[in-house]
Amino acid sequence: MRATLGRMNLEQLRAIPKVELHRHLECSLRPSTLRELLAGGGREVPDDAEAFAKMYLVTQPMDDLEAVLGKFLATQGVLSTEEVLERITFEAIEDAFQDGVRILELRYAPTFIQQGHEHLSFDQIHSAIVRGRDRACARYPIAVGLIAIVQRILPVSEGERVTDFVIANRKTFVALDLADNEIGFDSRPFAPLFKRAKTAGLHITVHSGEADVPESPEFVRTAVELLGAERVGHGVQIQHSPEMIEFIRSRGITLELCPTSNWLTHAVPRLDAHPFRRLMEAGVPVTINSDDPGVFGIDLTNEYRVLHESLGLTLDDFNRCNDTAAAASFIPHDQKQKVWPRPISTVKV
């Protein structure tokens with residue numbers, strides 16, 4: 001029998017010990033920090049919160065992709081110094097901890113941060129992020145792992161540059177990820193890079209199966225079979241293929257699901273149409289994530305509220321998803337067990 005709290009309020013949802021596996025550091029800035037950095041860079045910053053959100057945040061489904069890209073690039077534009085990168089990393093971890101997160105994986109794309117900030121080397125970018133991570137972990141009982149992103153929209157040579165850097169710094173990374181648009185950008189040429197990373201001892205997660213197009217389920221198959229994905233970022237479109245649901249379930253591949261993000265990007269038409277519960281009940285390992293909380297104007301507790309109110313997930317469901325995420329986290333077992341309230345399985349659940 002499921003243990004429930006009836007209708008859980010935000011305080012009860014926030015108090016649940018959480019694991020988050022899919023959060024982009026570059027898009028996790030606090031609104032107050034983004035305001036400060038934009039103003040410091042000479043950008044227009046409206047005093048009115050609604051006007052600010054309209055100009056810089058994504059809070060409704062994205063119809064004008066050019067305008068949305070402008071919002072992401074506005075946030076990216078402030079990531080111009082080591083001091084800023086250390087600060088936003090510390091604040092992202094502090095905010096996650098206050099939101100109930102005890103195990104957190106943050107991912108970032110060195111090439112994305114470096115765009116327009118060529119004075120910053122990969123070493124400088126990563127060292128600043130590690131300093132912010134270490135400072136936060138010294139203050140709060142939270143385990144944090146870092147994931148590097150290869151951008152599939154860039155040439156493979158840029159992916160090689162990122163992969164070489166990650167392998168050389170594998171003591172401070174837990175995994176390699178492939179991200180950005182799958183439509184028109186084939187993942188297969190990047191497969192040798194991910195094989196190298198896995199051979200070097202890094203874990204693999206891949207953004208795949210996000211866009212609502214007929215090819216999406218097969219994109220997920222490619223991510224698993226050719227790139228060696230142990231987890232899939234999103235993967236929501238396997239809902240349209242019973243064969244792929246069984247493929248993912250039978251292999252124990254964990255999905256990093258992000259309900260609000262999937263609604264904002266038109267991956268699902270409505271929040272109550274998200275296949276989260278259906279995939280969970282089909283035996284697919286599913287986890288709850290915020291994706292880009294700063295730009296989306298949300299936190300992880302918001303995703304719990306959405307799943308609770310729209311799909312009826314209970315406290316037992318949330319605990320099950322978090323235990324799944326704890327087992328699937330790429331952070332070394334002893335580090336994450338120190339901060340998690342229940343025994344963590346060494347086999348993904």
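The values are calculated or read from the model by the stated rules, or taken from the named source; none is laboratory data. Keep in mind it's a predicted model, so treat the numbers as computed, not measured. Backbone-built Cβ (ideal geometry, glycine too); neighbour counts: all protein chains shown.
In segment 36-55, which residues are out of contact with any Ser or Thr (no Cβ under 7 Å at 6 or more places or on another chain), assigned to a helix (DSSP H, G or I) and over 13 Å from Val78 (Cα atoms)? Give the steps one after another, and end with the answer.
Applying the first criterion (out of contact with any Ser or Thr (no Cβ under 7 Å at 6 or more places or on another chain)) to segment 36-55 yields 36-52, 54-55.
Going one step further and asking which of them are assigned to a helix (DSSP H, G or I), we end up with 36-40, 49-52, 54-55.
Ala49, Glu50, Ala51, Phe52, Lys54, Met55, listed by residue number.
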Checklist entry - Can you spot a residue in segment 21-41 that is touching a residue at least 40 places away in the same chain (Cβ under 8 Å), surrounded by fewer than 18 Cβ atoms within 10 Å (Cβ to Cβ) and of a type in the set (A, V, I, L, M, F, W, C)? => result no
Checklist outcome for this item: Selection from segment 96-151 of residues without any contact (Cβ under 8 Å) to a residue 40 or more places away in the chain and within 20 Å of Ala179 (Cα to Cα) yields Gln114, Gln115
Checklist entry - Which pairs do you get when a residue that is over 14 Å from Cys321 (Cα atoms), found in segment 335-346, comes within reach of a residue that is loosely packed, with under 11 Cβ neighbours inside 10 Å, reach meaning Cβ atoms under 6 angstrom, with the pair 6+ apart or on two chains? => result Val339/Pro141
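Taking the condition loosely packed, with under 15 Cβ neighbours inside 10 Å and in a helix (DSSP H, G or I), does Glu94 pass? Reasoning before the result, please.
Details: loosely packed, with under 15 Cβ neighbours inside 10 Å: no; in a helix (DSSP H, G or I): yes.
Against the criterion (loosely packed, with under 15 Cβ neighbours inside 10 Å and in a helix (DSSP H, G or I)), Glu94 does not qualify.
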Checklist entry - If a residue has to be under 16 Å from Glu105 (Cβ atoms) and in a loop (DSSP other than H, G, I, E, B) to count, how many in segment 284-298 make the cut? => result 4
Item to check | Selection within segment 129-142 - of a type in the set (A, V, I, L, M) and surrounded by 23 or more Cβ atoms within 10 Å (Cβ to Cβ) | outcome: Ile129
Item to check | First in segment 203-220 and closer than 15 Å to Ala191 by Cβ, second anywhere and modelled with pLDDT of 95 or more and of a type in the set (Phe, Trp, Tyr), Cβ under 7 Å, 6 or more apart | outcome: Ile204/Phe194; Ser208/Phe219
Checklist entry - Of the residues that make up segment 216-225, is at least one part of a helix (DSSP H, G or I) and either of a type in the set (Gly, Ala, Ser) or within 20 Å of Val162 (Cα to Cα) (or both)? => result yes
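Name the residue, out of Asp334, Asp292, Asp317, that is over 30 Å from Glu50 (Cα atoms) and surrounded by 21 or more Cβ atoms within 10 Å (Cβ to Cβ).
Details: Asp334 fails: surrounded by 21 or more Cβ atoms within 10 Å (Cβ to Cβ); Asp292 fails: over 30 Å from Glu50 (Cα atoms).
Going through Asp334, Asp292, Asp317 in turn, the sole match is Asp317.
Examine segment 277-289 for a residue that is modelled with pLDDT of 95 or more and in contact with a His (Cβ under 6 Å, 6 or more places away or on another chain), and state whether such a residue exists. Steps first, please.
So the first thing to find is which residues in segment 277-289 are modelled with pLDDT of 95 or more, and the list is 277-289.
Retained after the next criterion (residues that are in contact with a His (Cβ under 6 Å, 6 or more places away or on another chain)): 289.
Yes, segment 277-289 contains a residue that is modelled with pLDDT of 95 or more and in contact with a His (Cβ under 6 Å, 6 or more places away or on another chain).
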Item to check | Of residues in segment 201-228 being surrounded by 14 or more Cβ atoms within 10 Å (Cβ to Cβ) and of a type in the set (Gly, Ala, Ser), the one nearest to the chain's Cα centre (by Cα) | outcome: Ser208
Checklist entry - Of all residues in segment 302-314 being without any contact (Cβ under 8 Å) to a residue 60 or more places away in the chain and either surrounded by fewer than 18 Cβ atoms within 10 Å (Cβ to Cβ) or part of a helix (DSSP H, G or I) (or both), which is nearest to the chain's Cα centre (by Cα)? => result Glu303
Item to check | The lone exception for Val347 - which of (1) within 30 Å of Thr199 (Cβ to Cβ); (2) among the aliphatic types (A, V, I, L, M); (3) modelled with pLDDT of 95 or more it fails | outcome: (3)
Item to check | Members of segment 247-305 found to be in contact with a Lys or Arg (Cβ under 6 Å, 6 or more places away or on another chain) and among the β-branched types (Val, Ile, Thr), listed by number | outcome: Thr254, Val284, Thr301
Checklist outcome for this item: If we keep only residues of segment 281-330 that are touching a Ser or Thr at 6+ places or on another chain (Cβ under 7 Å) and of a type in the set (Ser, Thr, Tyr), then the residue farthest from Pro343 (Cα to Cα) is Thr314
Checklist outcome for this item: Within segment 244-268, the count of residues that are touching a helix residue (DSSP H, G or I) at 6+ places or on another chain (Cβ under 8 Å) and either outside any helix (DSSP H, G or I) or touching a residue at least 40 places away in the same chain (Cβ under 8 Å) (or both) comes to 12
